[in-house]
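Beneath this line is the structure, given in structure tokens, with notes to follow.
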Amino acid sequence: MSHFFEDFAVGQRFAHAIPRTITAGDCALYLALTGARSPVHCSEPLARALGHPSCPVDDLLVFHIAFGKTVQDISYNAVANLGYANLRFVEPVYVGDTLHGHSEVIGLKENSSGKNGVVYVSSRAVNQHGREVLSWVRWVMVAKRDPAAPAPATVLPDLPREVPFASLAVPAFLRSEALDPVATGGTRLWDDYEAGEVIDHPGGMTLEEAEHMMATRLYQNTARVHFDAHRAKSSSTGRRLIYGGHVISICRALSHDGLENAFALAAINGGTHANPTFAGDTLYCRHIVLDRAGLPGRSDVGALRLRMLGAKNVELSSLPPVAAGERHEAVVLDLDYTVLVPRRKAK
Amino acid sequence: MSHFFEDFAVGQRFAHAIPRTITAGDCALYLALTGARSPVHCSEPLARALGHPSCPVDDLLVFHIAFGKTVQDISYNAVANLGYANLRFVEPVYVGDTLHGHSEVIGLKENSSGKNGVVYVSSRAVNQHGREVLSWVRWVMVAKRDPAAPAPATVLPDLPREVPFASLAVPAFLRSEALDPVATGGTRLWDDYEAGEVIDHPGGMTLEEAEHMMATRLYQNTARVHFDAHRAKSSSTGRRLIYGGHVISICRALSHDGLENAFALAAINGGTHANPTFAGDTLYCRHIVLDRAGLPGRSDVGALRLRMLGAKNVELSSLPPVAAGERHEAVVLDLDYTVLVPRRKAK
Amino acid sequence: MSHFFEDFAVGQRFAHAIPRTITAGDCALYLALTGARSPVHCSEPLARALGHPSCPVDDLLVFHIAFGKTVQDISYNAVANLGYANLRFVEPVYVGDTLHGHSEVIGLKENSSGKNGVVYVSSRAVNQHGREVLSWVRWVMVAKRDPAAPAPATVLPDLPREVPFASLAVPAFLRSEALDPVATGGTRLWDDYEAGEVIDHPGGMTLEEAEHMMATRLYQNTARVHFDAHRAKSSSTGRRLIYGGHVISICRALSHDGLENAFALAAINGGTHANPTFAGDTLYCRHIVLDRAGLPGRSDVGALRLRMLGAKNVELSSLPPVAAGERHEAVVLDLDYTVLVPRRKAK
């Protein structure tokens, strides 16, 4: 059930266990654990005004639950989660929907140490109607059971460096003009953001063991590194590692103040958990606007491509610019993603 | 969006962001985070027997969510939350209802230091039907952005010292005789409490960082002092402060044993967070019965005015009487409020 | 309301306070607090395929809520929870159901110290239709208020050493063949387990104060030993004790990997909390298969009798066999219980 590096083969497919129906309880917990505040996900009247039948589930909650399903088969014995690519939010998910997970191995590369290797996996979540709601690629370093086991042939997948703006999914029913700035708490729309702009979000959030473990269990993510302090004593860090997705959620919640009208995630182009995060760390979030584009057939909503930096235990005002690809000791998250934001009406 | 003292003007109005639909998930979390046990809020058959369409949401959960909406505009830069007055629970709230928040500045007074000032705000929460469910006044000390900024003219509002018994809201549909003592666990009714009576409730509750932060995020209250341990290191206490409302909820829950049939909050007449509370503190609760009154047109239900003392890290048996207005180092909460309790049937 | 040893009499009956409607919020919290992963409780389509109208509530969540109701009357002043017997899961519970608790004292025995005594109680939970969903016996050591109080006559109940296989409740509607191994993540069925088999489950879970307190409050279990760190300083352990039921839930969740198709608890034959568990401890779980039996009138589902050992802060690979009745310093839980598992179809 849990696999080591030498157990994987390119083309191998997994139907992941534990289909999961999302409930109002999951959504309340997500809010309590992360501080998410977008009214799209917590105001039924606003959600209906936008054209949804009810509040859509927070995009990242969908991601975490979908991701969690892949852990038992793919990354239970992972050394590190190395990167993401081509992550697409395809269709909204609502309370009552049931998610199933599927994956296919698309690449393998043994590391020179012979102790582990990188597994590239293409995964997707489908709902109870069999429709895809989310798809992504990730690569993860997985330990070998037996360092002497022969290495599989190296296959490196061809991964897109970004999800093209033109391919982003926007529900046809969406009435984005219903996103009332009074409800979101911010008046800045798509037109008001410029490439190169830097936003240092004002809040900070200190993380606790109980919180990241509750979140990670809610997602039914069983990766041992998050839960077992006894075993962690003999690890390189000596401590439980916080699930990187929890860090993304905390940063997304902190960034509500400054990105109030970024009402949906459309894609994650790439990203890295640049440093580990531990209980007791305090997270802050900086965004850099990378790009801005209109969307085919939509004059009401546009896309912003953003770079999210999660930094820990540092005043953002003292954090220097961090170049793309550069590592900074305080930066734990460096995520390249794309959000949807309403556009100003033509006058 | 977040305001400093010199940004406020008497008469200024705010429509607060983030309308919030209350769900069964919120109610379960409230129970898990506070230990609330009134069956009115967790037994659907009992709620319906009382005349409700379904379980009413715990009064304090409604308060915390409504209060949380005001933080971003009013108290994000608060130094301290100084007091409450004239808080009225006007109408029950049910799962599925959506709360909106509104505030008006009704008073301002710069402190002699010139570094901050007191802002008096009248706030209210309305539901999706536009009906008021809760209203209150609070005053809060807010930092100035610029100590050299000119002080606004001092305006001190005329605040009532209490919410008159005769003005308390009791739903016309309420069948309070359905409040079965077997269900609540206590047989004492309105008739059995006497002014001057002191009740030392038996339980104690130790507070944890993860818990108060989860509660405060659930309420979408973003006040920085509760969440950011890194920044708190340079504060006067050096630590995260626990949201005062969490302390009220813990004390309310502890007081179920002794006030089992106090089935609803009707008003908060006034109160103060007399000392800060931190993770690791253990809370205990004492009540003093202040007054008792019948209610117009109701022979089945009466009002008790109570003084709630929250004390930390002390045996209640060793806590001396604390006079009104007196401060005691162990007392963190001193709240004057009014509850509804069924009356004995005339024989 | 809370009783000491000398307050009890054989034949005494209690209708416990605080009827409780179970919600989707409770179920989400249970999952987040324990890591439970059986898809029977989190996938609506799977639950309906099994014949349920909706997801049945996790058996242990039902138990904890039912157990919690008995604490205020029975074990608020308990020194220790000594044992269980004859626990039967009689009927499934669903979101929206309301549980009531009832107990009867069936035995009493003062300890030789004269400071406390053992109270034997038969308890049951009934739903809003008045149907029993769960019944059990437990015995608990309760302090005397007054060591000089006369001891009641000793009455020792005749307790069954096991719940007979033939008496286990299996819903007539249940289509156990719908339990898809792809959904559960495991292919082993009833036929594949042999008496004497030992299963060391791979995960480990470190416990936090915030988590066990949230769980125990969710169950409205008010036993003081779990919540009051200030008072605990003067106890023999000096610390808050973790509710033994939380330990059972954690072990049940850890054991999903290896017992994936054990889709329901049918009975608890007996058990003991062999050592106290504290925040910071890391739990591991071993199972020993005790026995296997078919069930009257069912060719599709069988019963496994299991022994669950919960061990803390120890590698299971270094934990020796622990004989029945033997105590090992690392073992905190030794539970004898019976689960239902689908059988292979005859070919």
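The values are calculated or read from the model by the stated rules, or taken from the named source; none is laboratory data. Since we're looking at a predicted model, the values are computed, not measured. For neighbour counting, all protein chains shown are included, and Cβ atoms are generated from backbone atoms with ideal geometry for every residue, glycine included. Just the protein is used for accessible areas: all its heavy atoms, side chains included, with ligands, DNA and RNA removed. Shrake-Rupley method; radii C 1.70, N 1.55, O 1.52, S 1.80 Å.
Among the conditions (1) more than 11 Å from chain C (Cβ to nearest Cβ); (2) surrounded by 24 or more Cβ atoms within 10 Å (Cβ to Cβ), the only one that B:Ala28 does not satisfy is (1). Please go through region A:240-279 and pick out each residue that is small (Gly, Ala, Ser) and assigned to a loop (DSSP other than H, G, I, E, B). Residues satisfying the conditions are A:Ser255, A:Gly258, A:Ala262, A:Ala274, A:Ala279.
For the structure I just gave you, tell me whether B:Ala143 is among the small types (Gly, Ala, Ser), open to solvent by 10 Å² or more (accessible area, probe 1.4 Å) and touching a His at 6+ places or on another chain (Cβ under 9 Å). No: the conditions fail for B:Ala143. For region A:199-234, filtered to residues that are assigned to a loop (DSSP other than H, G, I, E, B) and among the charged types (D, E, K, R), the residue that is least open to solvent (accessible area, probe 1.4 Å) is A:Asp228. Looking at region B:187-198, is at least one residue within 14 Å of another protein chain (Cβ to nearest Cβ), surrounded by fewer than 19 Cβ atoms within 10 Å (Cβ to Cβ) and either closer than 30 Å to B:Leu316 by Cα or among the aliphatic types (A, V, I, L, M) (or both)? For region B:187-198, residues within 14 Å of another protein chain (Cβ to nearest Cβ), surrounded by fewer than 19 Cβ atoms within 10 Å (Cβ to Cβ) and either closer than 30 Å to B:Leu316 by Cα or among the aliphatic types (A, V, I, L, M) (or both): present. Residue count for region B:205-220 under the criterion of being of a type in the set (S, T, N, Q) and in contact with a Lys or Arg (Cβ under 8 Å, 6 or more places away or on another chain): the result is 2. Mind listing just one residue for me: the one in region C:84-99 that is in a strand (DSSP E or B) and surrounded by 23 or more Cβ atoms within 10 Å (Cβ to Cβ) and, of those, nearest to the other protein chains (Cβ to nearest Cβ)? Of everything passing the filter in region C:84-99, C:Leu99 is nearest to the other protein chains (Cβ to nearest Cβ). Out of (1) open to solvent by 20 Å² or more (accessible area, probe 1.4 Å); (2) under 19 Å from the mean Cα position of the chain (by Cα); (3) not acidic (Asp, Glu), the odd one out for A:Val314 is which? (2) is the only condition that A:Val314 fails. Only one entry of A:Ala183, A:Ala169 meets the criterion of being hydrophobic (A, V, I, L, M, F, W, C) and either surrounded by fewer than 14 Cβ atoms within 10 Å (Cβ to Cβ) or more than 14 Å from chain B (Cβ to nearest Cβ) (or both), and that entry is A:Ala169. Here C:Leu254, C:Leu259 are screened, and the one residue that is open to solvent by 10 Å² or more (accessible area, probe 1.4 Å) and touching a residue at least 12 places away in the same chain (Cβ under 8 Å) is C:Leu254. Looking at region B:122-136 only, could you name the residues that are touching a Leu at 6+ places or on another chain (Cβ under 8 Å) and open to solvent by 10 Å² or more (accessible area, probe 1.4 Å)? Answer for region B:122-136, where residues must be touching a Leu at 6+ places or on another chain (Cβ under 8 Å) and open to solvent by 10 Å² or more (accessible area, probe 1.4 Å): B:Arg124, B:Val126, B:Ser135. Tally up the residues in region B:32-76 that are touching a residue at least 24 places away in the same chain (Cβ under 8 Å) and assigned to a helix (DSSP H, G or I), please. Here the count works out to 23.
One residue is enough: does region C:117-130 have a residue meeting the conditions modelled with pLDDT of 95 or more, in a loop (DSSP other than H, G, I, E, B), away from chain A (no Cβ under 14 Å) and at positive phi? Yes; the residues of region C:117-130 include at least one that is modelled with pLDDT of 95 or more, in a loop (DSSP other than H, G, I, E, B), away from chain A (no Cβ under 14 Å) and at positive phi. The set of residues in region A:214-239 being more than 7 Å from every other protein chain (Cβ to nearest Cβ) and of a type outside the set (Val, Ile, Thr) consists of A:Ala215, A:Tyr219, A:Asn221, A:Ala223, A:His226, A:Ala232, A:Lys233, A:Ser234, A:Ser235, A:Ser236, A:Gly238, A:Arg239.
Of all residues in region C:72-95, none satisfies being under 16 Å from the mean Cα position of the chain (by Cα), under 29 Å from B:Ser54 (Cα atoms) and hydroxyl-bearing (Ser, Thr, Tyr). When the residues of region B:286-311 are filtered to those that are farther than 30 Å from B:Glu329 by Cβ, of a type in the set (A, V, I, L, M) and open to solvent by less than 10 Å² (accessible area, probe 1.4 Å), the one that is farthest from the chain's Cα centre (by Cα) is B:Val301.
Residue by residue, here is whether (1) open to solvent by 20 Å² or more (accessible area, probe 1.4 Å); (2) within 14 Å of another protein chain (Cβ to nearest Cβ) holds:
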{"position": "C:Glu6", "(1), (2)": "yes, no"}
{"position": "C:Thr21", "(1), (2)": "no, yes"}
{"position": "C:Ala32", "(1), (2)": "no, yes"}
{"position": "C:Pro45", "(1), (2)": "yes, yes"}
{"position": "C:Arg48", "(1), (2)": "yes, yes"}
{"position": "C:Val71", "(1), (2)": "no, yes"}
{"position": "C:Asn77", "(1), (2)": "yes, yes"}
{"position": "C:Val105", "(1), (2)": "no, no"}
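Every condition in (1) in contact with a helix residue (DSSP H, G or I) (Cβ under 8 Å, 6 or more places away or on another chain); (2) in a loop (DSSP other than H, G, I, E, B); (3) over 14 Å from A:Glu209 (Cα atoms) holds for A:Thr237 except the one numbered (1).
Only a single item in (1) over 17 Å from the mean Cα position of the chain (by Cα); (2) in a loop (DSSP other than H, G, I, E, B); (3) over 30 Å from B:Thr206 (Cα atoms) is not met by C:Glu177, and it is number (2).
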